[in-house]
Each structure stands twice: as C-alpha cells, then as structure tokens.
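The values are calculated or read from the model by the stated rules, or taken from the named source; none is laboratory data. Everything numeric here is computed off the predicted structure, so don't read it as measured data. Backbone-built Cβ (ideal geometry, glycine too); neighbour counts: all protein chains shown. Just the protein is used for accessible areas: all its heavy atoms, side chains included, with ligands, DNA and RNA removed. Shrake-Rupley method; radii C 1.70, N 1.55, O 1.52, S 1.80 Å.
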Amino acid sequence: MSLLSVKNLTIRFGGLLAVNDFNLEIGEQELYGLIGPNGAGKTTVFNMLTGVYTPTGGSITFDGERIDGIKPYNITAKHIARTFQNIRLFGNLTVLQNVMMGYDYQAKSGLFSSIIRTPKQIKEEEKMHEDAMKLLTIFHMEDLAEEKAKNLPYGQQRRLEIARALAANPKLLLLDEPAAGMNPQETAELTELIRWIRDEFKISILLIEHDMKLVMNVCEKITVLSFGQLLAAGKPEEIRNNPRVIEAYLGKRGA
Amino acid sequence: MKETYKKYIKVVIGLIVAYAVFQILFQTGMINSYYNRIIRQIGIFLISALGLNLILGFTGQFTLGHAAFMSIGAYTSAILTRNFGVPFLLALIAAAFTAAVLAIIIGYPILRLTGDYLAICTLGFGEIVKVFIQNVDYLGGARGISGIENKSGFTVIFVLAALCFAIIMNLIHHSSKGRAILSVKEDEIAAQAMGINTTKYKIIAFAIGCGMAGLAGGLFAHFSQFIDPKSFDFSKSFELMTYVVLGGMGSLSGTVIGTSILIALPEWLRGLSDVVKEYRMLIYAIMLVSMMLFRPQGIMGTKEITVAGLKNFFGKIKRIFRSSSTSVNKGKEA
C-alpha cells in the first residue's frame, strides 16, 4: 500500500481553478519529483498536503488516514515535515535551537513542569539536546550549533532547514525547491544529500524542483503538472521523452 | 541534571545574600525610607514589565493594554482585602488569577490579529476597563478606592519579582514550550510547519504576562494605598513599554536594568540642582530618543547577564589595563 495517496485533488480560489483532479501515489521510501512550468500549481499542491490550504475537492490519505483539511500543526504530528521555497528558519535562534524546535511538538512535559523544571522535564530537555547534537553531527554542522541561524551561509541554511524538518520525525519529507539559488557544486552535494537521507532515515521524499538535472538524477518517479492539470507521471526516462511534457515546457514545434 | 540543581542552589544562595544586603542597609538606615519606597516601586513595576517582556519581547505580540491588566489586579485585590477581609497573599493570587483569566478570554479572539491591529485592540480594551471602572460605584467610580492597607513590604515584592523572573527564565530558555513561544515571534508559518499551535502559545504567553501585570497591580494597590482608574491609563502602558524597550526586548536582565533606570532617574534628577530639576522630564525624554537612535535594540539586546558573561567582561577590562601598563613599561625601557 502506498504511503501517500492523493485522489482527484481540486482547489478553487474564487473563479480560478488552481489545481484540478490531481492524483499522486507515493510509496514507502520513494524519491518522488513534482515538476511543472512556473505557475503550474506545484506549491499549491504542497500547501494542500501540509494543511495551509483546504482543498475544495478530492482526498489526501496518508498512512491510511485522511489528512485533507486539518491544521498545519496537526499535519506535522502525522509525520509529514516540509521545507520552504524561501528559507524560513528561526533566524535569531541558534542552529541548535532550530533543530530542537523539530522535537518540541513531541515533548511530553507540560507548561507547569516546564516552569518549575521537574527532574523529568530536565531529563527530557537533555535528551532533546543530545538528539539534536547527533543530528547536527550527521549534517556536519556540530561546530555551528551555537551560531545564530541567520548568520549561516545560504547553502548551510538550506541544510539546516532540512535537518530541522528531519528532527520532526517524518515519514514523508516535502522539499520545496531545495536547489533554488544554489551553484552547480552545491546542487551536486544536495543530490547526494537527498539520496543519503532517504537511505539513512528510511523515509519517502517528495520534491518540487526547477532544476531538471537534479530531478532527473535523484527521483525514481516524476509527476508533471501544467496549469493545474496532471500532465504525465512515470519514470524519469518516460517523462524526458514524453511529447506532452516537452510541449508544456518548450511550446509546440513550428506552430 | 545534577548540574542544573547545583546551579539553582547557587542562584538561591545569591538571592538570599542580595536580600540580606538590602535588609541590612534598610535596618542600619543607610537606605532611608524614601529610597526604600523607590526600590519597592521599581520591584512592583519590574514584575509588570517582566510580564510585558514575555508578550512583547519573547512572543512578539504588540500589546498596548498592559496597564489595564494591572488595574484589574489592583481592583481585585483591593476590594478583596478591604471589603471582604481576605488575607493579603490570597488577594494577590486572586489578582493574578483574575487578570490571567481575563487575558485568556479577550486573547482568544484578538490574538489572531497581528501588529497594528492587535495594538489598537488592546488599546481599546484598556480604555474599556478604565471607563467601566469609572462608571461602577461599587469600585469607587472616578474617585477611586482609598484606605487600602499598606502591606506591600520589601520582602513580598523581592520574593515575587524573583519568582516571576525565574518563571520566565525557565520557561523561555530551558523548555520546549519556551522555544515554541520564541518561534511564534520568529516565523509563525514555519512554527506551524514544525507542529506548533501558534495561537495556543500566544494565548499562554499573554495569560502569563497579564497574570504578572495583575500581580503587580495587586502589590501596587497595597503600596500606594490609593488607586483610581487614572493610575492605569494608557500612558502607564506606554511607560511599561519604555522600560522593556530600553532594557532590550527579549532580555530579562535588560528589563531589570531598564525599569530601574527609568524609575530611579527622574527621582535622582529631582535631587540635583534647580536647573536640572526644572528640565528633568526633558532630560529623561532626550535620553530615550538618543537611546533609540544609537542603540535601538535596547541596553541588553536579547542577551542576558550571566556569571560567565561578567567574567568575560571583567577579563577584557583587565586585559586592557594590563596591555596599557605593559606598553607604558615598554615605553620606559625604550
């Protein structure tokens, strides 16, 4: 059974049909790409998956549970984490705090025990600190733990955002244009990172990307979206040679 | 975990020593009753300002109605002790509790607003509270309530201020709830994506902060022995805000410094020559304006005074002295 199953997903903004009859199936530990020309509705799909928008039709089933229409912070609790197209870190907090934020919704200590600091709460906090440091070490960022997030270079900020999302213990990680603004070398590193994350954390990853090279390299399956419509879905080779996809990106030949 | 408790024991010992020093100074008369009164006043407004810093500095919610919650606390406790003979401490708890509950009730709808809208809403709430009290005879109307017992001694204020400081410190700097509150200020959308119910945390912070305002109000009523609606109008809210902003939004030790300076300074200037006395509020204003021009993040920014930080600071000064003295020596040798 697939991990995420999207059926006939539709959203209207007034008279505008932003996404129409969209279908998507992502299996366990799959690397999935969602591509399409600008304005095709990719981010809108993301926003529906993460609860920012409520779809006007269709269903989203994740891990056997309907998740369409529930609040963003509850989606995270269902083990879906995301990154943002324009990086949204907590800039004035340290790198370590940013990662610990991923664990926070899983914390068991209540408000009162946080204020008086019960032994249990202190232990929990220490455990979170430890886990966050471990995660940072995996990302080779342990030396930057006490640095403010906004002072990191761009590429590191992207990595930190991914680390923070992983701290939220997802089964499905959504990456919104992770290679935006990266140079070719950084993109190559990112390709490695994405693959490695899938193998290390045993999770599925859905990524939206403009960088064709990255998508074709990394993804095992691709869905193409154009003007809110599902255009094609399949393996990278199939997509590469699909005439409808070529038309959507480059226009009709000799019209 | 042991380290955490060791640290707490040190903090408690430090507080006891500070308390003892103050008491000795009071008893021997080195601090006279006039200064004693100013110190108590600082303590009371510090409690309120700490609460405001939680809302404004840590959660990033722009509220202009903080004094209204002080008045709610002040009236609650004054009525309880004066008309019902409730013990002072119990009345204080009731004051904080009432303010916090009201904060939750009005916070639930208005904390969905942000920025200017929230500011206007809280400003409006402050005015409503003021007009309401003015028009209710039971609360003394515009005449206010007089003849409240003088019960806010130094000990009570000191203990409660330390307690409020500790509550915010523990909450913000050592807990997942605190990080959630900080994340609301940083980026609400990202916070929600990390599984944080931002509205809930805004209300929590608002309730705790306003509860502290209520507590401070209760102390104030039993300190000035007279309260009227005008003691807590919106210029008081602004005053509280200047304490927080001058000290540094998001710094608790900054709030202590800001409150102390801004309450003590006008009093200190009053004692100087006649010219200064005449223009003291002008000096006060100029200080605030230049502060905003040259150090907009406030005295402490978002940093806290820590033992390690102080050591570092004095170490630097020492080094500067040493290097200057060695350079003098070198000069002599040459």
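Filter the stretch A:14-43 for residues that are open to solvent by 10 Å² or more (accessible area, probe 1.4 Å) and β-branched (Val, Ile, Thr) and give the result.
Answer for the stretch A:14-43, where residues must be open to solvent by 10 Å² or more (accessible area, probe 1.4 Å) and β-branched (Val, Ile, Thr): just A:Thr43.
If you check A:Thr137 against the conditions, is it at pLDDT below 90 and open to solvent by 30 Å² or more (accessible area, probe 1.4 Å)?
Criteria not met by A:Thr137.
Here are some conditions: (1) out of contact with any Pro (no Cβ under 9 Å at 6 or more places or on another chain); (2) among the basic types (Lys, Arg); (3) modelled with pLDDT of 90 or more. B:Arg112 meets all but one. Which one does it not meet?
Failed condition: (3).
Using beta carbons and a limit of 6 Å, which pairs, at least six apart or on different chains, have the first residue in the stretch A:18-39 and in contact (Cβ under 8 Å) with a residue 60 or more places away in the chain and closer than 24 Å to A:Leu250 by Cβ and the second one open to solvent by 10 Å² or more (accessible area, probe 1.4 Å) and of a type in the set (Lys, Arg)?
Partner pairs satisfying both residue conditions: A:Tyr32/A:Lys221; A:Leu34/A:Lys42; A:Gly36/A:Lys42.
Look through the stretch A:205-255, keep the residues that are within 19 Å of A:Val19 (Cα to Cα) and under 16 Å from the mean Cα position of the chain (by Cα), and return whichever of them is most open to solvent (accessible area, probe 1.4 Å).
My answer is A:His210.
So which residues in the stretch B:101-112 are part of a helix (DSSP H, G or I) and open to solvent by 20 Å² or more (accessible area, probe 1.4 Å), if there are any at all?
Listed by number, the residues that qualify are B:Val101, B:Leu102, B:Ile104, B:Ile105, B:Ile106, B:Tyr108, B:Pro109, B:Ile110.
Could you list, in sequence order, all residues of the stretch A:116-147 that are farther than 26 Å from A:Ile197 by Cα and basic (Lys, Arg)?
A:Arg117, A:Lys120, A:Lys123
Can you name every residue in the stretch B:290-313 that is of a type outside the set (Ser, Thr, Tyr), in a helix (DSSP H, G or I) and surrounded by 10 or more Cβ atoms within 10 Å (Cβ to Cβ)?
Residues satisfying the conditions are B:Met291, B:Met292, B:Val307, B:Gly309, B:Leu310, B:Lys311, B:Asn312, B:Phe313.
Which pairs do you get when a residue that is more than 8 Å from every other protein chain (Cβ to nearest Cβ), found in the stretch B:187-203, comes within reach of a residue that is modelled with pLDDT under 90, reach meaning Cβ atoms under 6 angstrom, with the pair 6+ apart or on two chains?
Pairs found: B:Lys202/B:Leu111; B:Ile203/B:Leu111.
Of all the residues that make up the stretch A:115-134, how many are at the interface with chain B (Cβ under 7 Å from one of its Cβ atoms), open to solvent by 40 Å² or more (accessible area, probe 1.4 Å) and closer than 18 Å to B:Ile181 by Cα?
The total comes to 0.
Among the residues of the stretch B:212-223, is there at least one that is part of a helix (DSSP H, G or I), within 14 Å of another protein chain (Cβ to nearest Cβ), surrounded by 24 or more Cβ atoms within 10 Å (Cβ to Cβ) and at pLDDT 90 or above?
So far as the stretch B:212-223 goes, yes, one or more of its residues are part of a helix (DSSP H, G or I), within 14 Å of another protein chain (Cβ to nearest Cβ), surrounded by 24 or more Cβ atoms within 10 Å (Cβ to Cβ) and at pLDDT 90 or above.
Which one of these does B:Ser176 not meet: (1) open to solvent by 30 Å² or more (accessible area, probe 1.4 Å); (2) of a type in the set (S, T, N, Q); (3) under 30 Å from A:Leu166 (Cβ atoms)?
Among (1) open to solvent by 30 Å² or more (accessible area, probe 1.4 Å); (2) of a type in the set (S, T, N, Q); (3) under 30 Å from A:Leu166 (Cβ atoms), the lone unmet condition for B:Ser176 is (1).
Are there any pairs, at least 6 apart or on different chains, whose C-beta atoms fall under 8 Å, with the first in the stretch B:154-178 and within 24 Å of B:Tyr34 (Cβ to Cβ) and the second modelled with pLDDT of 90 or more and of a type in the set (Lys, Arg), and if so, which?
B:Phe154/B:Arg40; B:Ile157/B:Arg40
Within the stretch A:45-63, is even one residue surrounded by fewer than 21 Cβ atoms within 10 Å (Cβ to Cβ), within 29 Å of A:Leu214 (Cα to Cα) and among the aliphatic types (A, V, I, L, M)?
Checked against the condition, which is being surrounded by fewer than 21 Cβ atoms within 10 Å (Cβ to Cβ), within 29 Å of A:Leu214 (Cα to Cα) and among the aliphatic types (A, V, I, L, M), the stretch A:45-63 yields at least one hit.
Only one residue in A:Lys71, A:Lys42 is facing chain B (nearest Cβ under 10 Å) and either over 30 Å from A:Ala145 (Cα atoms) or not β-branched (Val, Ile, Thr) (or both), so which one is that?
After applying the criteria, what remains is A:Lys71.
Pick out the one residue from A:Leu93, A:Leu166 that is under 19 Å from the mean Cα position of the chain (by Cα) and open to solvent by less than 70 Å² (accessible area, probe 1.4 Å).
Residue meeting the stated conditions: A:Leu166.
Contact list please: Cβ distance under 6 Å, first residue in the stretch A:225-243 and of a type in the set (A, V, I, L, M, F, W, C), second residue part of a loop (DSSP other than H, G, I, E, B), pairs at least six apart or on different chains.
So the pair list comes out as A:Leu225/A:Gly36; A:Leu225/A:Ala40; A:Leu225/A:Gly41; A:Ala232/A:Asn242.
Among what's in the stretch A:144-163 and is open to solvent by less than 30 Å² (accessible area, probe 1.4 Å) and assigned to a helix (DSSP H, G or I), pick the residue that is farthest from A:Asn98 (Cα to Cα).
A:Gly155
How about the stretch B:16-54: which of its residues are open to solvent by 70 Å² or more (accessible area, probe 1.4 Å), part of a helix (DSSP H, G or I) and either among the hydroxyl-bearing types (Ser, Thr, Tyr) or not assigned by TED's automatic domain parsing to the domain that holds B:Gly211 (or both)?
Answer for the stretch B:16-54, where residues must be open to solvent by 70 Å² or more (accessible area, probe 1.4 Å), part of a helix (DSSP H, G or I) and either among the hydroxyl-bearing types (Ser, Thr, Tyr) or not assigned by TED's automatic domain parsing to the domain that holds B:Gly211 (or both): B:Ile16, B:Val17, B:Val21, B:Ile24, B:Gln27, B:Ser33, B:Tyr34, B:Tyr35.
Inspect the stretch A:67-74 for any residue being within 27 Å of A:Arg240 (Cα to Cα), of a type outside the set (Gly, Ala, Ser) and out of contact with any helix residue (DSSP H, G or I) (no Cβ under 9 Å at 6 or more places or on another chain) and give the result as yes or no.
no
Of a type in the set (Val, Ile, Thr), assigned by TED's automatic domain parsing to the domain that holds B:Ser251, closer than 28 Å to B:Gly258 by Cβ and crowded, with 17+ Cβ neighbours inside 10 Å, is that true of B:Thr63?
yes
Scan the stretch A:163-219 for residues that are among the small types (Gly, Ala, Ser) and free of Cβ contacts under 8 Å to residues at least 40 places away in the same chain and jot them down.
A:Ala179, A:Gly181, A:Ala188
Restricting to the stretch A:96-114, name every residue that is at the interface with another protein chain (Cβ under 9 Å from one of its Cβ atoms), part of a helix (DSSP H, G or I) and open to solvent by 20 Å² or more (accessible area, probe 1.4 Å).
Result: A:Gln97, A:Tyr103, A:Leu111, A:Ser113.
Would you call B:Ala334 modelled with pLDDT under 80 and under 30 Å from B:Leu54 (Cβ atoms)?
No: the conditions fail for B:Ala334.
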